[in-house]
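**Student:** Can you keep this structure in mind? I'll have questions shortly.
The values are calculated or read from the model by the stated rules, or taken from the named source; none is laboratory data. Values in this document were obtained by computation on a predicted structure and should not be read as measured data. All Cβ positions, glycine included, derive from the backbone under ideal geometry; neighbour counts span all protein chains shown. Quick note on the areas: whole protein, heavy atoms, side chains included, nothing else; ligands and nucleic acids left out. Shrake-Rupley method; radii C 1.70, N 1.55, O 1.52, S 1.80 Å.
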Amino acid sequence: MGSLSGEYDGPNGHITNGTCTSKGTRENGHGVAANRSSAVHARVYGSLDLTVLGMNSGTAMDGIDCALVRYRQESPTAPLHMELLKYDEIPVPQRMKKPILKMLRETKTTPSAMSQLNVQLGQMFADAVQEFCEKHHVDMGSIDLIGSHGQTIWLLSMPKEGETRSAFCLGEGTIISAQTGITTVTDFRQAEQSVGRQGAPLVALIDGLLLHHPTKTRLCQNIGGIANLCLIPADKDGGVDAMVDWDCGPGNMFIDAAMRYYTNGEQEYDKDGQWGAQGIVNQEIVDDFLAKNEYINHHPPKTTGREVFGDNECQEIIEACEAAGCTKYDTLATITRITAQNIIRQYRTFLPSYGIDPDSIDEIFMCGGGARNPNIISYLQSELPNTRICKLDETGVPADAKEAVSFAQQAMEAVLGRAALVPINSDSLTPNCISGKIAPGRKWRELIKMCVDFSNSWEGKGPLPTVKDMIVGKPYTDWIP
């Protein structure tokens, strides 16, 4: 999958070895700024210097990803410098996970229960901030901003007649802000939908900034609960201004549901693909599912979630496998192949409509839990033998941290009122300068003053220019999954 040594030749062809720190800032052994009495750094007037904690709990609810990121930018037209200071995963308490999964599976609840759950999840994320900071000796006063994705309960991104496009992500931002004292940005999906887009995927900005290359066509393939892709053409072919993205369909969600079913909840995922590797794929069931599923065969743009590929849908596949005489290992192998074969199906069916030949993709960068499943990776490589498949970690940002880093940056863009990159296949290309809901913290005035000073240094007309060039300060290696 590649290795890093010596000077770091960044993925965009830049030498990104080394990092800058504010004068007088002392760092601990992991690069985390320590003992700062204020979250506002010593800096040149009009420049940007923010430390942001990005948080994400994905559809699989396997943990709360926490990424502490420092962003620096000399002026609105200068490259954005980012450094991942610390990343970790905080477990989702079972007292929260089990009731939510049960509720989503049964789709039965009450307004009272949902209202309470919003507050409880807000408290859960606030507790995760506290746990993260205590574990890694981070002064909470050194954090300028939190970007919390929250927990997706329902995503209606492709409404049918009579329905309204909507996103329901819980984890009340005012609770997080009140408990931590840190300005908190939430509701990124609803903010995207407000300007006519589907609200997912939300990571094209980080995929594009990390992966655009002068001559190479690259694709970022995430396999979380849902699998999604972002195709970034070479800079000579449009680069970040010509990206396309969409949700492919099931990622780990079916695999995890099957593991819970066969182990009575004792195992929540197929570690290293061990169960799937012991089975034989029922190709007929795979082909039938992929041919008949409406979402899989719908042309992008498209997004999906647990409401389409949840436990109930997985149960139907399990029953079909058992009726065909499959063992539990055969069933896992079959379900895993559905994920892998559908990814290739998405490439070959839809990328040509955007002028991309799947066999011309130079590199695929993998992220998400499915990137550690050898059964998926080996299938992808067998179908694309001339494409280099590697881990996103080669960019200097661990694959597991990518989404949390993305929400850190989206929070920063929200307080700046600066639009992020938009894939060209989106329903709407309207720039979104208000990319989330903001709950002010104790240092709100200092934070906004920095943002205003930075904005006032922009001599152009209209909104701040979208960031299209980012330099990773140094590769983050202090993370072992």
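**Student:** Do you know which residues across segment 378-391 are under 23 Å from Trp479 (Cα atoms) and either modelled with pLDDT under 95 or open to solvent by 10 Å² or more (accessible area, probe 1.4 Å) (or both)? Lay out the reasoning, then the answer.
**Tutor:** Filtering segment 378-391 down to residues under 23 Å from Trp479 (Cα atoms) leaves 389-391.
Those that are under 23 Å from Trp479 (Cα atoms) and either modelled with pLDDT under 95 or open to solvent by 10 Å² or more (accessible area, probe 1.4 Å) (or both): Ile389, Lys391.
**Student:** Follow-up question, since we're still on this one. What is the residue count in segment 156-177 for residues that are farther than 17 Å from Ser435 by Cα and in a strand (DSSP E or B)?
**Tutor:** 1
**Student:** Does at least one position in segment 150-163 carry a residue that is touching a helix residue (DSSP H, G or I) at 6+ places or on another chain (Cβ under 8 Å), farther than 26 Å from Ile206 by Cα and in contact (Cβ under 8 Å) with a residue 60 or more places away in the chain?
**Tutor:** no
**Student:** Now a separate question. Consider Asn222 against the criteria (1) over 25 Å from Ser57 (Cβ atoms); (2) within 20 Å of the chain's Cα centre (by Cα); (3) touching a residue at least 60 places away in the same chain (Cβ under 8 Å): it satisfies all of them except one. Which criterion is unmet?
**Tutor:** It is condition (1) that Asn222 fails.
**Student:** Inspect all residues belonging to segment 102-117 and state whether any of them is over 28 Å from Gly441 (Cβ atoms), exposed (fewer than 15 other Cβ atoms within 10 Å of the Cβ) and hydrophobic (A, V, I, L, M, F, W, C).
**Tutor:** Yes - at least one qualifying residue is present in segment 102-117.
**Student:** Now, a different point. For a quick check of your reading of the model, give me the residue pairs whose first member lies in segment 247-269 and is in contact (Cβ under 8 Å) with a residue 60 or more places away in the chain, whose second is among the basic types (Lys, Arg) and in a loop (DSSP other than H, G, I, E, B), with beta-carbon atoms closer than 8 Å and at least 6 apart or on different chains.
**Tutor:** Met253/Arg306
**Student:** Does any residue in segment 75-97 that is touching a residue at least 12 places away in the same chain (Cβ under 8 Å) and over 13 Å from Ala128 (Cβ atoms) come within less than 8 Å, Cβ to Cβ, of a residue that is open to solvent by 40 Å² or more (accessible area, probe 1.4 Å) and polar (S, T, N, Q) six or more places away or on a different chain, and which pairs are these?
**Tutor:** Partner pairs satisfying both residue conditions: Ser75/Ser457; Pro76/Ser457; Glu83/Thr19.
**Student:** Let me ask something additional. Filtering segment 86-101 down to residues that are within 16 Å of Gly171 (Cα to Cα) and surrounded by 15 or more Cβ atoms within 10 Å (Cβ to Cβ), which residue is modelled with the lowest pLDDT?
**Tutor:** My answer is Leu101.
**Student:** Related question: Assess whether Thr331 counts as being out of contact with any Leu (no Cβ under 8 Å at 6 or more places or on another chain) and either open to solvent by 10 Å² or more (accessible area, probe 1.4 Å) or at pLDDT below 95 (or both). Full working, then the answer.
**Tutor:** Working: out of contact with any Leu (no Cβ under 8 Å at 6 or more places or on another chain): yes; either open to solvent by 10 Å² or more (accessible area, probe 1.4 Å) or at pLDDT below 95 (or both): no.
Against the criterion (out of contact with any Leu (no Cβ under 8 Å at 6 or more places or on another chain) and either open to solvent by 10 Å² or more (accessible area, probe 1.4 Å) or at pLDDT below 95 (or both)), Thr331 does not qualify.
**Student:** Answer with yes or no whether Asn375 is open to solvent by 10 Å² or more (accessible area, probe 1.4 Å), in contact (Cβ under 8 Å) with a residue 12 or more places away in the chain, closer than 24 Å to Lys102 by Cβ and of a type outside the set (Val, Ile, Thr).
**Tutor:** Numbers: open to solvent by 10 Å² or more (accessible area, probe 1.4 Å): yes; in contact (Cβ under 8 Å) with a residue 12 or more places away in the chain: yes; closer than 24 Å to Lys102 by Cβ: no; of a type outside the set (Val, Ile, Thr): yes.
Spelling it out, it is not the case that Asn375 is open to solvent by 10 Å² or more (accessible area, probe 1.4 Å), in contact (Cβ under 8 Å) with a residue 12 or more places away in the chain, closer than 24 Å to Lys102 by Cβ and of a type outside the set (Val, Ile, Thr).
**Student:** For segment 126-135, state whether one or more residues are surrounded by fewer than 18 Cβ atoms within 10 Å (Cβ to Cβ), farther than 30 Å from Val195 by Cα and in contact with a strand residue (DSSP E or B) (Cβ under 8 Å, 6 or more places away or on another chain).
**Tutor:** Within segment 126-135, one or more residues are surrounded by fewer than 18 Cβ atoms within 10 Å (Cβ to Cβ), farther than 30 Å from Val195 by Cα and in contact with a strand residue (DSSP E or B) (Cβ under 8 Å, 6 or more places away or on another chain).
**Student:** Something else now. When you look at Thr59, is it assigned to a loop (DSSP other than H, G, I, E, B), under 30 Å from Ile255 (Cα atoms) and at pLDDT 50 or above, yes or no? Before the answer, list the steps.
**Tutor:** Values: assigned to a loop (DSSP other than H, G, I, E, B): yes; under 30 Å from Ile255 (Cα atoms): yes; at pLDDT 50 or above: yes.
So Thr59 fits the description; yes.
**Student:** How many residues, within segment 76-126, are under 30 Å from Pro465 (Cα atoms) and not aromatic (Phe, Trp, Tyr)?
**Tutor:** So the first thing to find is which residues in segment 76-126 are under 30 Å from Pro465 (Cα atoms), and the list is 76-87.
In the following step, the residues that additionally are not aromatic (Phe, Trp, Tyr) were identified as 76-86.
Residues in segment 76-126 being under 30 Å from Pro465 (Cα atoms) and not aromatic (Phe, Trp, Tyr): 11 in total.
**Student:** Next up: I'd like the full set of residues that are open to solvent by 10 Å² or more (accessible area, probe 1.4 Å) and either among the polar types (S, T, N, Q) or in contact with a strand residue (DSSP E or B) (Cβ under 6 Å, 6 or more places away or on another chain) (or both), limited to segment 59-82.
**Tutor:** Thr59, Asp65, Arg70, Arg72, Ser75, Thr77, Pro79, His81
**Student:** Any chance you could count how many residues in segment 335-381 are aliphatic (A, V, I, L, M) and under 19 Å from Asp256 (Cβ atoms)?
**Tutor:** The first filter runs over segment 335-381 and keeps only residues aliphatic (A, V, I, L, M), leaving 335, 338, 340, 343-344, 351, 356, 361, 364, 366, 371, 376-377, 380.
Filter again for under 19 Å from Asp256 (Cβ atoms), leaving 335, 338, 340, 343, 366, 371, 376-377.
Counting residues in segment 335-381 that are aliphatic (A, V, I, L, M) and under 19 Å from Asp256 (Cβ atoms) gives 8.
**Student:** With the structure loaded, tell me whether Lys468 is surrounded by fewer than 18 Cβ atoms within 10 Å (Cβ to Cβ) and more than 26 Å from Phe365 (Cα to Cα) or whether it fails that test. Step through it out loud before you land on a result.
**Tutor:** Values: surrounded by fewer than 18 Cβ atoms within 10 Å (Cβ to Cβ): yes; more than 26 Å from Phe365 (Cα to Cα): no.
When the stated conditions are applied, Lys468 does not pass them.
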